[in-house]
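Below is one structure, written out as structure tokens; the observations come after it.
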Amino acid sequence: MKKVFIVLMVLAFHAGIAQKIAYVEIGKIINHMPEYKKANDIIETQVLQWEGEVEDKFEAVENLYQEYVKNEMMFSEDIKLQKQNEIIEAEKQAKEFREQKFGKDGEMTKLKEQNLQPLQDNIWKATEKVAVANNYDYVFDKSAESNWIYLKPEHDITAKVMTELGLKME
């Protein structure tokens, strides 16, 4: 019985070693996708516009404050309170606008999802198709953020995925 158990353990160990692993460089693929650059340009243009609007709103708050400080001595207590509330409200609106555009669930996040997610989905589908066609058990992304120390170039399927996407390697 003990021998059967050892044989089963050895077979299980060898079956684990036989798994095929590959990697893909998503960043390289993205750099060759003109539609990804176009999507990024759309996002960047919109972000620059929103940043300008946010800056304008906070500049308006600063102008209200500077005007208040300059004229504070001439204001009655009621006017002072009114001007302070005006400054507080303007700052609140500026912060809300910034959060609406750049917050966790802001319009920038939605814009990125809308423009980039379909492209990323295409990359994932193409990678999966290549992996299935070549019987890979695991495919990893070799990104700058990954902690891979060494990867054999023969396990790189980036070119195959790019071909699947209709992209040319340069």
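The values are calculated or read from the model by the stated rules, or taken from the named source; none is laboratory data. Remember, predicted model here, so these are calculated numbers, not experimental data. Quick reminder, even Gly has a Cβ in these numbers, built from the backbone with ideal geometry, and neighbours come from all protein chains shown. Please note that ligands, DNA and RNA were not included when accessible areas were found on the heavy atoms of the full protein model with its side chains. Shrake-Rupley method; radii C 1.70, N 1.55, O 1.52, S 1.80 Å.
A Cβ distance below 7 Å, combined with a sequence gap of six or more or placement on separate chains, defines the contacts here; from the range 117-144, residues that are closer than 18 Å to LYS28 by Cβ reach residues that are surrounded by fewer than 11 Cβ atoms within 10 Å (Cβ to Cβ) in the pairs LYS142/TRP148. Of all the criteria given as (1) surrounded by fewer than 12 Cβ atoms within 10 Å (Cβ to Cβ); (2) closer than 30 Å to THR163 by Cβ, the one not satisfied by GLN49 is (2). Against the list (1) open to solvent by 40 Å² or more (accessible area, probe 1.4 Å); (2) over 27 Å from ASN122 (Cβ atoms); (3) at pLDDT 95 or above; (4) not hydroxyl-bearing (Ser, Thr, Tyr), the condition GLU72 fails is (3). Tell me, yes or no, whether the range 61-77 has at least one residue that is assigned to a helix (DSSP H, G or I), in contact with a helix residue (DSSP H, G or I) (Cβ under 6 Å, 6 or more places away or on another chain) and either within 30 Å of LEU167 (Cα to Cα) or among the aliphatic types (A, V, I, L, M) (or both). Yes - at least one qualifying residue is present in the range 61-77.
Taking the criterion of being assigned to a strand (DSSP E or B) and within 16 Å of GLN19 (Cα to Cα), the residues of the range 115-158 that qualify are TYR138, VAL139, PHE140, ASP156. Is it the case that the range 104-111 has a residue that's more than 21 Å from VAL161 (Cα to Cα), more than 12 Å from the chain's Cα centre (by Cα), surrounded by 13 or more Cβ atoms within 10 Å (Cβ to Cβ) and free of Cβ contacts under 8 Å to residues at least 12 places away in the same chain? Looking for residues that are more than 21 Å from VAL161 (Cα to Cα), more than 12 Å from the chain's Cα centre (by Cα), surrounded by 13 or more Cβ atoms within 10 Å (Cβ to Cβ) and free of Cβ contacts under 8 Å to residues at least 12 places away in the same chain, one finds at least one in the range 104-111, hence yes. Among the residues of the range 25-70, those identified as of a type in the set (Asp, Glu) and more than 30 Å from PRO153 (Cα to Cα) are ASP41, GLU44, GLU51, GLU53, GLU55, ASP56, GLU59, GLU62, GLU67.
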